[in-house]
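The values are calculated or read from the model by the stated rules, or taken from the named source; none is laboratory data. Treat the numbers as computed from the prediction; the structure is a model and nothing was measured. Heads up, the Cβs are rebuilt from the backbone with ideal geometry, glycines too, and the neighbour counts pull from every protein chain shown.
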Amino acid sequence: MMNKNQAKKRIEELRKQTEYYAQKYYDEDKPEISDFEYDMLMVELRNLEKDFPEFKSKDSLTQKVGGHVKEGFQKVTHEVPLQSLQDVFSIEEVEDFDVRIHEQARKNGIKEVKYVVETKIDGLSAALEYKQGRFVRGATRGNGIVGEDVTENLKTVKTIPMEIKDKIDITVRGEVFIAKKEFEEMNQLREENEEELFANARNAAAGSLRQLDSKITASRPLDIYIFNVQKIEGKEFNSHYEELQYLAEQGFNVNPVRIYCSNMEEVKKAIKKIGEDRENLTFGIDGAVVKVDDLHFREILGTTAKTPRWAIAYKYPPEKKETKVKDIRFQVGRTGVITPMAILEPVKVAGSTISKTTLHNEDFMKEKDIKVGDTVVIQKAGDVIPEIVEVVKNKRDGSEEEKSVPRTCPVCGAPAIRIEGEAAVRCTGIECPAKLFRNLVHFVSREAMNIDGLGENIIQQFLDKGLIHNINDIYTLTFDEIASLKKNGKKFAQNLIDSIEASKQNDLYRLITALGIRFVGSKVAKTLAKKYKTMDNLMDATYEQISSINDIGPVVASSIVEFFEQNQTKDLIEKLKEAGVNMNYLEEEGTDNRFEGKTFVLTGGLENFTRREASDIIEKLGGKTSSSVSKKTDYVLAGEDAGSKLVKAQNLGVTVISEEEFEKMIS
């Protein structure tokens, strides 16, 4: 056993660790360790504080809820605190809880104790407040006492009723979550768009609900299950189960898994059943909640500063199984990222058969030291995603084969590169079939070649019919081929033909943007077009020449040179020339540089301009636009519903202008 000095040192270490991981989890929605690893740290801290009570502190996460209020949100003080639950990790601990409850029951003359067992939904807790039956305010849990006002965001959740049947004042508590299928689809889309993947469904839900822009929240597939009445006026209940029935009658989306139990044996059966069924649930869970049903008895039992004494959360241990890596294959995604995939001997884990799992990237492969032929331990992270936890190295026999992420694309043979500071290895071939759909979508987009009418759905139809095999095939499409996509499609075909023809006359910078060179957006493309005047000049430019241009650093310059050195790029440029696509700079240098040296940040909705249009005007007048506010920002152009950027500008003393003032500046 530790002595006092050792215990004090370890307690301090654990408090720092748990505070750090809690901030990543609750405040930043970017967890760095698994829930199980965090839970084990908390168990160790709780046990040490129990053994050495002289080191207990109200600042410890064992005594308080871990979240904080995010900057930019209004604070809401909860009339009834939104407490967390005491976690337990064994059935023995559940039985101990039952013993304590029955001791209190005997002391207070209560003859029988009933329980309700529910799924512990893996999401973000929120309180919904209704006045006279109408939804008026919603808030996150925050630190349990003070949360964030997310009313407008909660209004976008389709399963939250804006009005309930009874015209009463009531506050309910629920868990906002994203269902398993929707989470997988959302992450798949983010991967295709080269956006950072969400670590798990819980953090995806939390990050979505805590957006300062409710339009972003509305675009996410949020759902909610209600599981408690926090406060109600003009009505009384005797039991929790009765409360839940009432909430369902009022139109709330109540937690669908709620099992009434007459004794502890039934509680244990309920916990076991939820564990067996969790694979088939449409939503993720991280345990089962056991609650005393009698509401009067709950009041007698009371609460601690952090948790109620009348409930516990049983956490299921992550199920782990051994299997063998039969092969490691490499898949090329729509954005060109080459992802290693482990092909496994099929094994059943947490209710489903696993035969393959992603190895993420080459850093993950090296860190875990995974080879073909290895025996590995796998588990399902968050009950959804299978992952390799470790290699069983003492089972190696020397026949294992090491594989590395290839530096040539397995689909098209183009060079595959890894940019310094990134984990991904990417195919750089612009004609790679695996990337064709995404390359086409980017090529025709508004900021690139701006081919109106050629959206994602139409592009997919052309690909499915075999009418497009490469980017340049856009310019060989015939009237009849286009018209065949739609019933009575002649008008559509003519409009699209006209739009394709018009795109041939675009300025050079649009074509450079359309090529999708890594790190080259429209701003850099404009700089390159003005500098080199023709596509041929740009293709002949050296690394030294490009890297010497203001605002173009060595990484961007290297990416441009490597792109134009490829045979696939040269082939595409030649074909586009043959199709009549303009390869020259058309715009004259502007003489009005009234915004020279000035940096603008745009925020909120503008009435008379799109953000792109406003940015173009600023750049034509010699200015720059930025996505973030700093002391170096000269102006913040604020439209309707301007959020955190406006607040930051005001705090920093940056000049804020309205759309009307902006129009005067450019007139």
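A few comments on the model shown:
- Every listed requirement among (1) more than 20 Å from the chain's Cα centre (by Cα); (2) crowded, with 17+ Cβ neighbours inside 10 Å; (3) on the phi > 0 side of the Ramachandran plot is met by Q132 save one, (2).
- Residue within segment 154-163 that is in a loop (DSSP other than H, G, I, E, B), among the polar types (S, T, N, Q) and buried (at least 17 other Cβ atoms within 10 Å of the Cβ) present: yes
- Yes/no for A206 being in contact with a Lys or Arg (Cβ under 8 Å, 6 or more places away or on another chain), crowded, with 21+ Cβ neighbours inside 10 Å and among the aliphatic types (A, V, I, L, M): no
- Of all the numbered requirements in (1) surrounded by fewer than 16 Cβ atoms within 10 Å (Cβ to Cβ); (2) part of a strand (DSSP E or B); (3) in contact (Cβ under 8 Å) with a residue 60 or more places away in the chain, S355 misses one, and that requirement is (3).
- Any hit, segment 521-535, residues being touching a Lys or Arg at 6+ places or on another chain (Cβ under 9 Å), under 19 Å from A414 (Cβ atoms) and at pLDDT below 95: no
- When G466, G453, G489 are checked against the criterion of being loosely packed, with under 13 Cβ neighbours inside 10 Å and either among the small types (G, A, S) or assigned by TED's automatic domain parsing to the domain that holds D507 (or both), G466 stands alone in meeting it.
- Residue check for K120: closer than 24 Å to R278 by Cα, surrounded by 17 or more Cβ atoms within 10 Å (Cβ to Cβ), over 37 Å from the mean Cα position of the chain (by Cα) and not small (G, A, S): no
Here's the yes/no breakdown for (1) assigned by TED's automatic domain parsing to the domain that holds E266; (2) under 15 Å from W310 (Cβ atoms); (3) at pLDDT below 95:
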| position | (1), (2), (3) |
| --- | --- |
| I101 | yes, yes, no |
| V116 | yes, yes, no |
| L124 | yes, no, yes |
| E129 | yes, no, no |
| R137 | yes, no, no |
| V150 | yes, no, yes |
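- All positions within segment 23-78 that are within 17 Å of G144 (Cα to Cα) and at pLDDT 80 or above: F73, Q74, K75, V76, T77, H78
- Considering the conditions (1) touching a strand residue (DSSP E or B) at 6+ places or on another chain (Cβ under 7 Å); (2) exposed (fewer than 15 other Cβ atoms within 10 Å of the Cβ), L508 is excluded by exactly one of them, (2).
- Hey, S559 in contact with a helix residue (DSSP H, G or I) (Cβ under 8 Å, 6 or more places away or on another chain), farther than 30 Å from E501 by Cβ and among the polar types (S, T, N, Q) or not: no
- Among all residues of segment 227-241, there is none that is small (G, A, S), free of Cβ contacts under 8 Å to residues at least 40 places away in the same chain, more than 30 Å from R518 (Cβ to Cβ) and surrounded by fewer than 19 Cβ atoms within 10 Å (Cβ to Cβ).
- Unmet criterion (only one of (1) farther than 30 Å from D363 by Cα; (2) surrounded by fewer than 14 Cβ atoms within 10 Å (Cβ to Cβ); (3) within 28 Å of the chain's Cα centre (by Cα)) for G421: (1)
- Members of segment 527-545 found to be more than 23 Å from I474 (Cβ to Cβ) and either not in a loop (DSSP other than H, G, I, E, B) or not polar (S, T, N, Q) (or both), listed by number: T527, K530, K531, Y532, K533, N537, D540, A541, Y543, E544, Q545
- Close contacts from segment 633-654, counting a first residue that is aromatic (F, W, Y) and a second that is at pLDDT 85 or above, with Cβ to Cβ under 6 Å and a gap of 6+ residues or different chains, come to Y635/F600; Y635/T655; Y635/I657.
- Test result for G284, in contact (Cβ under 8 Å) with a residue 24 or more places away in the chain and either surrounded by 15 or more Cβ atoms within 10 Å (Cβ to Cβ) or within 22 Å of P81 (Cβ to Cβ) (or both): yes
- So R426, is it among the charged types (D, E, K, R) and more than 21 Å from I517 (Cα to Cα): no
- Index of the failed condition, M264 passing every other in (1) touching a residue at least 40 places away in the same chain (Cβ under 8 Å); (2) under 21 Å from S125 (Cα atoms); (3) not acidic (D, E): (2)
- Entirely in segment 411-523, the helices (runs of 4 or more DSSP H) that have 3 or more residues that are under 30 Å from E196 (Cβ atoms): 436-444, 456-464, 508-514
- Check on P433, crowded, with 20+ Cβ neighbours inside 10 Å and in contact with a His (Cβ under 9 Å, 6 or more places away or on another chain): no
- Test: residue in segment 79-99 that is in contact (Cβ under 8 Å) with a residue 12 or more places away in the chain, closer than 27 Å to F283 by Cα, aromatic (F, W, Y) and surrounded by fewer than 18 Cβ atoms within 10 Å (Cβ to Cβ): yes
- Flag: N457 does not match the condition of being among the polar types (S, T, N, Q) and at positive phi.
- The helices (runs of 4 or more DSSP H) located wholly in segment 546-625 that include 1 or more residues which are modelled with pLDDT of 90 or more and polar (S, T, N, Q) occupy 554-565, 567-578.
- A single entry from N470, N450 fulfils the requirement of being closer than 21 Å to T569 by Cβ, within 37 Å of the chain's Cα centre (by Cα) and modelled with pLDDT under 95: N470.
- Among the candidates V337, V391, V325, residue that is at pLDDT 95 or above, in contact with a strand residue (DSSP E or B) (Cβ under 6 Å, 6 or more places away or on another chain), buried (at least 20 other Cβ atoms within 10 Å of the Cβ) and not assigned by TED's automatic domain parsing to the domain that holds F563: V325
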